[in-house]
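K.L.:
Below are the C-alpha cells for one structure; questions will follow.
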Amino acid sequence: MISAIFLVNQKGEVVVNRLYRDDVSRSMVDTFRHKVIASKETGSQAPIKVIENATFLYIRHHHLYLVAVTRSNLNPALVFEFLFRMVRIFKAYFGEHFDESAVRNHFTLVYELLDETMDFGYPQNCAIEVLRQYINLGTVQAEMEQQEPTVLTSQITGQIDWRRDGIRYRKNEVYIDVLESVNILMSATGNVLHSDVTGQIVMKALLSGWPECKFGLNDKLIMDREAAGKASGAVTRRSAGVEIDDCTFHRCVRLGRFDADRTITFIPPDGEFELMRYRVTENVNLPFRLIPAIQEEGRNRVAVNVKVTANFSSKLFGQNVVIKVRRGQGLGGGEDDRREGEEEGSGLLAASNLVPRPSHPLLSLTYPPFLQVPVPPNTAKTHINVSTGRARFEPEHRALVWRIKRFPGGCEFMITADVTLMPSTSHKAWSRPPIQVEFQVPMFTSSGVHVRFLRVYDKSGCT
Amino acid sequence: MSAPLPQSRQSHPSTLPGQHQQQNPPAYFVDTKKGEVSELKQLLKTLAVERDPKRKRDVIKKVIAYMTLGIDVSRLFTEMVLAIETRDLVVKKMVYLYLCNYAHAKPDLALMCVNTLQRDCSADDPMVRGLALRALCSLRLPSMLEYISAPLRRALTDQSPYVRKTGVMGILKLFHLAPDVARSANFVDLLYNMIQDPDPHVVTNCLIVLGEMLAAEEGGMAVNQPLILHLLGRLGEFNEWGLTQILALVAKYHPADEEELFTIMNLLDPVLRTSNSGVVLSTIKCFLHLATAVPDLQPQVYLRVKAPLLTLMAGGNPEVEYCILKHLEAMVHRAPGVFDDEYRQLYVRYNEPTFVKYEKIDILAIIANEETVGDIVAELAEYATDVDQEVSRRSIRAIGNIAFRLPSAAGMILERLVGFLDVDMNSIRPETILVMRDILRRYPERKAEALPRLQSCMRRVDNHPEAQAALIWMTGEYGGKNFPEGPYLLEPLIDSYATISSALVKLSLLTAAIKLFFKRPPEMQSMLGRLLAAATNDLTSQDVHDRALLYYRLLVADVEAAKRVVLGEHEVDVNRTTIVGTFAEERDMTTLRDKLFGEFNTLAVIYGKPSSQFVSPSYRIKPAETSLTPFMMGVQIGDSGNNGNNLLDLHADDSLLPAGGVECGVESESPSRAGSTNPEGSTAYTGPSSDLLDMSDMGVSLAVPTDRITTPSASQQDFCTSTLALIDSFRMEPETFQHLWAELPESISYNVDLKVLPTDGLSTLETSLLSRGIKCLASGELTDVFKLFLYGQHELGRLYLIQILIHKLSKRLNLTLKIGRSEMESEGDDGKDRSANAVVELITQVLSSLHLS
C-alpha cells in the first residue's frame, strides 16, 4: 500500500500532498529533496529509492515529480502504473501540458481526485470517464444536469467503468491511427542488423450509446485461416498477413475472445484512447534510408553530408517522420562502424462504416517534415547546401534543421554542410546524438500492419 | 438526431479548464503573514451568518490552500466544523479533508463533528454517505471508536456499492486504529462473506482488507478452492487494481490436482495481454508459483511470459521498463537459455535514461551464449566508449562477466579488452585493467596474450590506484618466465616510492616485488632491498609498514620458508587451470536469488535484497502458512514411498518454517536428509545414523541457550508446576528434531476424542499453541489425518517433542510426547512424568479453548 502521494516541483517544494497513512509525514518530502533532487540523480539513477525504511517511487511530468512513498514491500510496477494513470487523469482535467501552476490553481480538484482514486493507500477508481462524471470543477456543477445519485454511484463501481450512459452524437465517427516506432541497427555498409517495430493503434470514437465494435487487422494467423477457408483454386495472398509477435490491449477489449479466435471486440470508451500495442520483428520496411558522413576535420571543423532516400512507392509521398541516427564512435575514433536509428512514422487510416471519410491526419503529428542533424554545442558558423527544401542552423536544438515540404517516394535528396566550431580550451568528447527525421507517410506502415475493417454494431438503437 | 447533451460537452477537457482558469485566476498561494489566519477565522465566522455559497467555497478553499503550504491552520478547527453543514459537495469534501488533517491536533474538538458526520452517513445521496463514512474512518482518533462501529456496519449492507466499498476500507482503518476492537467485532467473517458481493470494487476492497488484517498473524487471508474459482470466474469484471489483488491470492493457492492447475492457468492466460505492467507481472508470479508443483511445466511458463514482458518493455515508460528489466534479470538466472534469442531487444538505445541502460547491460552479460557472444560483445564494446562513465564501466565489466561464464569466448574477449587499453578515455582503461585481472585469475593460461600489452599502461593509470594495484598484482603474479620485462615495470615505481600516495598501491607493490624476487632474484634483489627500506620507514600507513617488516623478517629468518609463504602452492601445481570454478561471490548470489524469487513482483527484486533488510519489522508479512492439500502432499510425499509421512519432505517446503534461522542449515544438508525418514513410532529409525549424529550434536548445542544452562540456581525449581513455563525464543532445527525424535523414548501417549475437526486447517490450533510457547515445526493434512510436529523448551532447558495426529474419521486425537533431558537435570523419572502430564494438560486446555474437545 502507498502511504502518501506528493506532487513536488523541481526545487523540491511540495505542491500538493496527500497522506493516506499515519506512518509517513510531510517531512518525508525534505528527505526526498535532499537525497534525490539535490543529488541530481533523477534521470540517471533508478526511480525507486529506499531511504530510512521508506521507499520513494517517483516519475516526472515536465517539471513536476509525482512521488509515492511506502513503507511496505509492494508491487513497484503497479505503483508506477498508478502514477502514470494519475498523470493521465490530470491531463484529462488540466490539458495535455499541465504544470505546477495548473495544479496549484486547481488544488481542491487535485485533492478530490487524489481522494477518489486512492483510499488508504490502495488504488480505487481511476477511470477518467467515470471520475469526470462526479468530480468536476465545482463551478460547472450547478449548470450540469444533475444525474440521479444512485445511478451515478453505481456507475462509479460498476463493471464497465470506461464508458458512461447516454452518450449521443449527431454524427457518429470513428478515427483510427496506426502509429509505429521503428528501431533499426545498421552496419557501416548499410545492412540492417536488427529492426523491430513497436506499434500503437489509437482510436478516437465518437459514437452514441453502447456500440459494440469488431476490429480486424491483417494479422497473419487470421489471414491464413481465412485463406485456407476460401476455395483453394483462388490465388491466396499469404504475404498479405503480418506476423505480430505479441500485443497488449486496452482494458475494454474482451481478452478471452481474442485468445479463442483472435477477434478483437470491445465497447470503446468515449473519445481518444490507445486500443492496442503490438510488436513486430519480421519483415520491417524502412520508409527512409539515411547515409550520413560526418567527419570531424581537425579541432574546429566538422563536415556534414547526409543523403536521404525514400524507400516507399513513388505513388506515396512523405509528410512527417522522426529518424534518429547515432553513429557509433569507432574505437580508433575514425571510421563509422555502425549506426543505430529509430524511425517513428504513422500510417494514417480512417475507417468507419458510419461516416466514410478520406484519410487525414488526426493526431497532433503536425510538424512540418524535417530532418535534424546534430552538431557540436560550440558551433559558430555553418554553410549549408541542400538539394530541396530549406535548411538552417538552429542553436536551440544544437542541430541543423532541414525542412522538406513534400518528399515523393523513390526520390533521393542530400544535405552538405561545413560547420565551423568555436575554439575551446577543453576538448570534451561530443556524444554524437542521433540524427532525427520526423515524417508522416499516409497509408504506409513499416510493419505492414493495416486495419482491414472495423464494424460497429449498435445494440442500444441510438442513432 | 438530438442535440448533444450538456455532459458530452464536458468530455473535452482542453476547453473547459482553460475557461475556468481565465474567469477566475485564483491567487491562493501568495505570501502569508501571521495575521492572515486570524483574518480567515473572522471570515469563517461571518460566513456562518451570511450563507453565500460561492463566498463560502472561496474562503474554505483558502484555508485548504494554507494547509497545503504547510501553514498551521488548526486554530480554525471550530469554525471549520461549523462549516460542515452544507449542501455543497465540494465544500464538504474540503472540510472533510481539513478535519482528517487536523483531528489529531484537536481530538476533543473533533468530537463536535461526529454528529454531523454520522448524520451524513445516513443521507439520501450515496455519494454523501460514502464521503462521510470515509472521513469518519479517516479521523483516526481512538476516542471515535464507539461512533464508528454502527455506521460502519450499516454501510456494509448499504444498497449502494460505493458506500459498501468505502465501508470495507473503513474496517481496515479501524483495524489500524484498534486492532483488538476490529478483531473482536467479527469483521473478518463478515468480509469473507462479502467476497460474494455482486460489485467487483467491493470484492477488491474485501480482499485488500482481509489480506492486510491477517497479514501479521496468518500471512494473509486463507485461500481455498471455491474462493479461487469464484474469483477467477469473475476475472473479466475487475479493473487492473482488482486483478492484482486476485492474482496475489492465486499466487498463494495450491491447486488440488493437475487438471485444476491447468484450468487456472488457462483462465489467467488472457490476462497476460493487459497493458498494465503490474498486472502482467502479478500474473507471471502466479504462473511461476503454479508451475512449482509441476517441474516439467516451468520452461513452458518462461517461454509463455517472454513475449508479453518484451512488449511491455518496448512500449513502456522508462520507470516501468526498469521494473520489468529487474524482474527479467531475476528470471534470466532461473531459466537459462529462454531469453537468449531475444538479446537484440536488450540493446541499449541512445535516448534511454541511464538506469535502464545499466540494467540492460547487466542482463546482456547474463544471456550471452556460445552463438550470440560475438554479437553481444561487439555491442557491449560500443557502449564502452559511451560518454556516460558508468555505462562504459558497466559494459566493460559485463564483457568480463561473459568471459567468466563462457570459456570458449575468453580468448576473443581478452583480445577485445587489450584493444580497449589503447583507447584514450578516462574511464575505460582502469576498468579494463580490473576486468583483465579477474579474467587472468580465472584463465591463468591466457597471460601470454595480455601481459605484454600492460607495460605501456603502467604510467597512464597513475590517477587510479585500484587499477594500478591490479596492474602491479598481475606483474607480480604472472611476471615470471614469459614476461621478462616484469621487474623493469616495477622499478620506476619503486624508485618513485615517495610519490605514491595510495596505500593500496604500496601494498600490492610490496607483494608483487617479493613474488618477483623469488622468480627472478638477480634483477629483483637490489630493487626489493630499496623497496623494503622505503616501506619500513613509511609512517603514513601502518599496514604498509607492518607488511614490509613481515617480509623483511621472513627473508632474514629463512629464505626458503619465505618462498613457501609468498608463492604458496600453486607455483608447484602448474596445471591449475581448473582450480577456480566459480568465484565465491557468485555462489553467495545464488542463495540470495532463490530467496528473492520468493518475493517476485515486489520491491525486493528491485533492490536485490530480501524484504527483511529494508522493510521495518511491523510491515513484514508473516510467511504464509501453507495448508498442504492432498495434491501437494501427493507430489511431495507419495514419491518418498514411506508410509506417507516423511517429515523432512515437509520441511523442504520452507514456507512451513519460520523464515529466519532455517535456511542455512537446511539447504546444504539436503543429500543426507533425503535418505532419512521420520518414524511413526519410536523404533523405526534405522537410517545412516553416524553422520547425522555429528550434525545433530552440533544442533543441540546450538539450540539450547547456554545462558539458561549455566544458571545454577534455576536447577532447584520444580519442573512440574501445572503452568508450564516454556521459552518463547527457543528455535529448533528440523535436523535436531529428527534426531532427538529417533533417539528419545516415548514418555507418554495420550488419546482424546474431539467434538469437531479443526475447520480452517490447522492454523488456529497452531497459533494458540504458539501463544503457550509450543511451536510448530511442520504440519500438514493427509487424506485421512491431520499431522502436527511440535516442540517446546522448558525454562530450565528440558525439551519437549510432540507429535499430534488427528484422525479425520474417528475424530480421535493421538498425542505422542517425548522429553529430552536437560544437562543439569538430576531428578528421576518421577519428575519427567509429572512434567509430561503438565504438557498434556496444557494441550488439552488449548483444545478446549478452541472448542475442539
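K.L.:
Determine which member of the set B:303, B:309, B:272, B:268 is within 14 Å of another protein chain (Cβ to nearest Cβ), touching a Cys at 6+ places or on another chain (Cβ under 7 Å) and closer than 22 Å to residue A:260 by Cα.
P.N.:
Values: B:303 fails: touching a Cys at 6+ places or on another chain (Cβ under 7 Å); B:309 fails: touching a Cys at 6+ places or on another chain (Cβ under 7 Å); B:272 fails: touching a Cys at 6+ places or on another chain (Cβ under 7 Å).
Residue meeting the stated conditions: B:268.
K.L.:
Are any of the residues in segment B:449-460 surrounded by 15 or more Cβ atoms within 10 Å (Cβ to Cβ), closer than 24 Å to residue B:563 by Cβ and modelled with pLDDT under 80?
P.N.:
Scanning segment B:449-460, I find at least one residue that is surrounded by 15 or more Cβ atoms within 10 Å (Cβ to Cβ), closer than 24 Å to residue B:563 by Cβ and modelled with pLDDT under 80, so the answer is yes.
K.L.:
What's the total number of residues in segment A:84-108 that are part of a helix (DSSP H, G or I), at the interface with chain B (Cβ under 9 Å from one of its Cβ atoms), without any contact (Cβ under 8 Å) to a residue 40 or more places away in the chain and of a type in the set (A, V, I, L, M, F, W, C)?
P.N.:
Count: 3.
K.L.:
Sticking with this one: In segment B:304-354, which residues are more than 18 Å from residue B:593 (Cα to Cα) and part of a loop (DSSP other than H, G, I, E, B)?
P.N.:
Listed by number, the residues that qualify are B:316, B:317, B:347, B:348, B:349, B:350, B:351, B:352, B:353.
K.L.:
Hey, can you tell me all the residues within segment B:272-296 that are in a helix (DSSP H, G or I) and over 25 Å from the mean Cα position of the chain (by Cα)? Write out each step before concluding.
P.N.:
Step one: list which residues in segment B:272-296 are in a helix (DSSP H, G or I), which gives B:272-273, B:277-291, B:295-296.
Correct list: B:273, B:296.
K.L.:
Could you pull out the residue among B:393, B:416, B:397 that is away from every other protein chain (no Cβ under 14 Å), among the charged types (D, E, K, R) and in contact (Cβ under 8 Å) with a residue 12 or more places away in the chain? Talk me through it step by step, then tell me what you get.
P.N.:
On the way: B:393 fails: away from every other protein chain (no Cβ under 14 Å); B:416 fails: away from every other protein chain (no Cβ under 14 Å).
Result: B:397 is the single residue among B:393, B:416, B:397 that is away from every other protein chain (no Cβ under 14 Å), among the charged types (D, E, K, R) and in contact (Cβ under 8 Å) with a residue 12 or more places away in the chain.
K.L.:
What number of residues within segment B:288-316 are crowded, with 18+ Cβ neighbours inside 10 Å and polar (S, T, N, Q)?
P.N.:
Count: 1.
K.L.:
Scan (1) more than 9 Å from every other protein chain (Cβ to nearest Cβ); (2) assigned to a helix (DSSP H, G or I) for the single condition residue B:253 breaks and write down its number.
P.N.:
(2)
K.L.:
Still on this structure: Consider residue A:75 carefully, then state whether it is on the phi > 0 side of the Ramachandran plot, within 7 Å of another protein chain (Cβ to nearest Cβ) and out of contact with any strand residue (DSSP E or B) (no Cβ under 8 Å at 6 or more places or on another chain). Reasoning before the result, please.
P.N.:
Values: on the phi > 0 side of the Ramachandran plot: no; within 7 Å of another protein chain (Cβ to nearest Cβ): yes; out of contact with any strand residue (DSSP E or B) (no Cβ under 8 Å at 6 or more places or on another chain): yes.
No: the conditions fail for residue A:75.
K.L.:
I'd like the full set of residues that are assigned to a helix (DSSP H, G or I), within 27 Å of the chain's Cα centre (by Cα) and not aromatic (Phe, Trp, Tyr), limited to segment B:233-250.
P.N.:
If the condition is that a residue be assigned to a helix (DSSP H, G or I), within 27 Å of the chain's Cα centre (by Cα) and not aromatic (Phe, Trp, Tyr), then B:240, B:242, B:243, B:244, B:245, B:246, B:247, B:248, B:249, B:250 are the ones that fit.
K.L.:
Out of segment B:114-151, which residues are acidic (Asp, Glu) and within 15 Å of residue B:162 (Cα to Cα)?
P.N.:
Restricting attention to segment B:114-151, the residues satisfying the condition of being acidic (Asp, Glu) are B:120, B:124-125, B:146.
If the condition is that a residue be acidic (Asp, Glu) and within 15 Å of residue B:162 (Cα to Cα), then B:120, B:124, B:125 are the ones that fit.
K.L.:
Out of all the residues in segment B:77-98, is one or more in contact with a Cys (Cβ under 7 Å, 6 or more places away or on another chain), more than 9 Å from chain A (Cβ to nearest Cβ), within 17 Å of residue B:38 (Cα to Cα) and of a type in the set (A, V, I, L, M, F, W, C)? Break it down into steps so the answer makes sense when it comes.
P.N.:
Start the filter on segment B:77-98 by keeping residues that are in contact with a Cys (Cβ under 7 Å, 6 or more places away or on another chain), which leaves B:81, B:84.
Subset that is more than 9 Å from chain A (Cβ to nearest Cβ): B:81, B:84.
Within this subset, residues satisfying the condition of being within 17 Å of residue B:38 (Cα to Cα) are B:81.
Those left that are additionally of a type in the set (A, V, I, L, M, F, W, C): B:81.
Scanning segment B:77-98 turns up at least one residue that is in contact with a Cys (Cβ under 7 Å, 6 or more places away or on another chain), more than 9 Å from chain A (Cβ to nearest Cβ), within 17 Å of residue B:38 (Cα to Cα) and of a type in the set (A, V, I, L, M, F, W, C).
K.L.:
Taking the criterion of being within 11 Å of another protein chain (Cβ to nearest Cβ), under 17 Å from residue A:116 (Cα atoms) and crowded, with 18+ Cβ neighbours inside 10 Å, would at least one residue in segment B:114-127 satisfy it?
P.N.:
Residues of segment B:114-127 that are within 11 Å of another protein chain (Cβ to nearest Cβ), as a first pass: B:123-127.
Cutting the leftovers down to under 17 Å from residue A:116 (Cα atoms) gives us B:125-127.
Imposing the further condition that a residue be crowded, with 18+ Cβ neighbours inside 10 Å reduces the set to B:126-127.
Checked against the condition, which is being within 11 Å of another protein chain (Cβ to nearest Cβ), under 17 Å from residue A:116 (Cα atoms) and crowded, with 18+ Cβ neighbours inside 10 Å, segment B:114-127 yields at least one hit.
K.L.:
Name every residue in segment B:179-221 that is outside any helix (DSSP H, G or I), more than 11 Å from chain A (Cβ to nearest Cβ) and touching a helix residue (DSSP H, G or I) at 6+ places or on another chain (Cβ under 6 Å), in order of residue number.
P.N.:
Just the residues of segment B:179-221 that are outside any helix (DSSP H, G or I), to begin with: B:185-186, B:195-199, B:219-221.
The next check asks that each one be more than 11 Å from chain A (Cβ to nearest Cβ); those that pass are B:185-186, B:195-196, B:219-221.
B:195, B:220, B:221 - these are the residues of segment B:179-221 that are outside any helix (DSSP H, G or I), more than 11 Å from chain A (Cβ to nearest Cβ) and touching a helix residue (DSSP H, G or I) at 6+ places or on another chain (Cβ under 6 Å).
K.L.:
Which of (1) under 23 Å from the mean Cα position of the chain (by Cα); (2) more than 10 Å from chain A (Cβ to nearest Cβ); (3) not aromatic (Phe, Trp, Tyr) does residue B:320 not meet, given it meets every other one?
P.N.:
(2)
K.L.:
Being under 25 Å from the mean Cα position of the chain (by Cα) and either crowded, with 21+ Cβ neighbours inside 10 Å or among the hydrophobic types (A, V, I, L, M, F, W, C) (or both) is the filter here; which residues of segment A:7-58 pass it?
P.N.:
The answer is A:7, A:8, A:46, A:47, A:48, A:57, A:58.
The values are calculated or read from the model by the stated rules, or taken from the named source; none is laboratory data. All values derive from a computational prediction rather than experimental measurement. Every residue, glycine among them, receives a Cβ derived from its backbone with ideal geometry; neighbour counts consider all protein chains shown.
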